[in-house]
Structures are given as structure tokens and as C-alpha cells.
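The values are calculated or read from the model by the stated rules, or taken from the named source; none is laboratory data. Note that the structure is predicted; figures quoted are calculated from it, not measured. With ideal geometry, Cβ positions are generated from the backbone for all residues, glycine too; neighbour counts draw on all protein chains shown. Each accessible area value is taken on the protein alone, full model and side chains, heavy atoms only, with ligands, DNA and RNA left out. Shrake-Rupley method; radii C 1.70, N 1.55, O 1.52, S 1.80 Å.
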Amino acid sequence: MLSSCLISLHLIICTVLAHKHDQHHNCIHDQIQHDIIQQHIKYKHHPLDGSEMNSNTNNNGKRNLLQSSQYKPIRIRPYYDPPTFGILPNAQKIYIKKLLSTSILYLEQFLSVVPVEGPLLINRCQRTWYYDEFTYSVCPLSEYTHPIKCQYATIPDAHMAESWYYHETTKQSTLYKPAGSGIDDADVVIYVTYSDQQCVMDGGTIAWASICNLDQYGRPVAGTINFCPNALQANYWKFDVGVTLHELMHILVMSNTLFPYFYDLTTQQMRGESNTIMDEFQSGTRNAYIITPEVAQIAKYHFGCPSLMGAPLENDGSSNLGTIGSHWESKSFQYELMCGTIYSAIMYVSEFTLALLQDSGWYRVDYNYADDFPWGENQGCDFVYGDCANRVSK
């Protein structure tokens, strides 16, 4: 019964992403200022915990078993912001909830993480202090006088971790509020808003997303997706699901803001931007490539170009678009889910995007869910390095 459900869900998504449409979506992700807070999240065992790994250095079999057994299907929980989402008519609420539930169910089939232990709690304070084995957040009281936001969504007190403040003169710490109940059964929370804030007024942007909180290893644990009233149309269901999935992927991994936080499982350290992205200049134009191991290997094999350093990122976009740096290069990746401008509902969730998730160090992926991606296949180095690509070409 379970396997048939998975097959049915995969068929639904494939149908969604293979339906032609005249609608378009201009992603503005790189125009948005992402105010990121890194905080401590509680895990029972985490393969990226250096101290835990060091204790098993003489038992590689035990260490590998620990790594593989700790990953479970990701639990993504939406929270609908009452001030913006609550004013919508029921039909629009239901429509947006269906978009998110369909996209989230799809992601949960092939994406696994080390699960958060207990309820997920969000830091009120934007500073994290470390002392021996203790990790806590403490801020001056003045920083608690305004609502805590994830972009335009207000984070409720129920989601907040235990909050302390210190007296700026005495430096004594005082409990401000105890922890709320948190978000149960969650590894990441998505705060959902419905607003025209930062939306392109010509109707070309259906939704946008931003990252708000990361765990101690850099993995996103809180983000927001905003739906734009002037663009979202209920009669474009199949296309809108693809756009929703695209924006959720920005929260999870495909963001220039997140690349410096990618974690190397071998060294137990963050890769750093220089080991994730490499620049190449051709005729005065900067071209950036994702050079992480699995992405680079797939790029060389897919395009039939052994000298290729990695998978190219978008390097072009008008002043009205935020596509540069957080999308695959559209010339080389036509119709891939993570291209910056989407012209039809033909969208492939390719091995490239799944490999990026894997190479982040935060996730395990099931490559069986990667769509066959014919664009550029075995076309050689000229296809990637050339000035343009023939849309009729593979």
C-alpha cells in the first residue's frame, strides 16, 4: 500500500512538472536581503558532531552505521502567518495550503536529515554564546521590545526557545521568558505569508522565499515563503506547484547565502565558499560554478566534458530580477526546476539539484527520484562554454 502511494505521488508531481503553460515566474531570491541567525538545535546523535566522531575514530564500522541510521525523512511544517494569511478568503487559503502540502510531500519522499530531538524551537535572541558544553542565547532587554520576524511573518511566542537578557551595566543575566511549546515533529518550519511586499508589480513573480534560521551545522531550520497576490492564479495549479517547489528549494539549499555554510563530512568542517563555488572569467564576464564533489562529477558526465570544473550558475539577469548566483545557468539547464525564470510547467528535478542537496552535508537524497534530464546531455564542452545554446538541441 505504501509503495503504491509513493508511486502515485511521484506520478502526480511528474504530471505537474511536465505540463506546458504560457505562465511565467521571475524569481527574485537574490534581490532579497536574507537576515540569517545561526542557533543551537538539539539532536540525539549527529554525524557532524566532531566530538562524537572523535570518540569513534577507532571503530569506523560503528561510525558509518551511526551516520546511516540517524537520517530520517525530513519533516517540513508550514505555519500560516495570521496577520497576512488569515485575511484571505477560504478558497485562497485552501489553494495555497494544497500547493504547499503537495510540494512538501514530494520533498519528504527523497530527502532525509538527522531529525531534531523534541520540538523545534526558534531563538528569540539573535546572538549565540558558547561556554564549555552550554550553548545559550542572551541579549539586552532592548532587543526584545519588538516582534521577532522571519521577513514579514511574525514568529509566535509558542515557537520561541528559552530567552534570557542581560543588564548592560551589571552584565547579570535574567530569564525573560521560558521556552514555548515549539513546533512538534519538525526539522524545518516554513512561515507562510500572503503579501505584495517585494513582489514584482508586473505580475511576473508568483512567490519568493527567504532563509531565517540555521542550526549549528548550517542547515536551514526556519524560512519563509511569500505568495504574491497579483500573480497567483488558482487556474494555474500545475505551474504554481512547480514554482512553490522551486521556492522551497531556495530555503533548503539553493541559495548563494547558504553556499558558505556547506559542510564537509570528511573534514567535519564547513567547506567555505572557496570550496563550494569557483569563478572563471571569460571576456570580462564572471562565470561561477558549483564545484562540490557529486555536482562536479555529474556535470562532467552529463555534458560529456571531462575538463568541466562543475555546474554553472546563472550569471545574467536584469535589474528587476534576482536570478544571479542562486540558480542554475539557464543556457545549460533549460527547464530544470532551479532555473531563475520559469516559462512553462515543464520542470525537471534533475540529478544536479539532488546532488547539491547531498553535497551540502545536511541531507541524504534518494537519486531514484531524479528526473531524466535530456538538455545538454553529451553535447560536449562547447555547449557549456559557448555563447548561446540552441533551444531545440538536447
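Table for the structure above
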item: Size of electric dipole in segment 143-229: Cβ of Lys, Arg +1 and of Asp, Glu -1, about Cα centre, debye, nearest 20; result: 180 debye
item: Solvent exposure ordering (accessible area, 1.4 Å, most first) of ASP81, ASP196, ASP387; result: ASP387, ASP196, ASP81
item: Residues whose placed amide H lies under 5 Å from that of VAL114, excluding near-sequence neighbours; result: LYS72
item: 5 angstrom amide H check on MET270, placed H, neighbours 5+ away; result: ASP264
item: Net lengthening on full extension, LEU175/TYR301 (0.36 nm per residue, minus Cα-Cα); result: 39.8 nm
item: Segments 205-213, 350-358, 115-123, 31-39 sorted - mean Cβ within 10 Å per residue, highest first; result: 205-213, 350-358, 115-123, 31-39
item: Fraction in percent of alpha-carbon pairs per bin - 10 Å, segment 326-387; result: 21, 48, 29, 2
item: Gain on full stretching of the segment that runs from ASN230 to GLU280 - 0.36 nm per residue minus C-alpha separation; result: 14.2 nm
item: Nearest-0.05 FRET efficiency for ASP157 and LYS98, computed from C-beta distance (R0 25 Å); result: 0.30
item: Whether segment 69-125 is rounded, prolate or oblate, judged on the alpha carbon gyration tensor where a/c under 1.5 counts as rounded; result: oblate
item: Backbone HN-Hα couplings from phi across segment 145-151 [Karplus 6.51/-1.76/1.60, Hz, Gly and Pro as x]; result: 8, 10, x, 7, 10, 10, 6
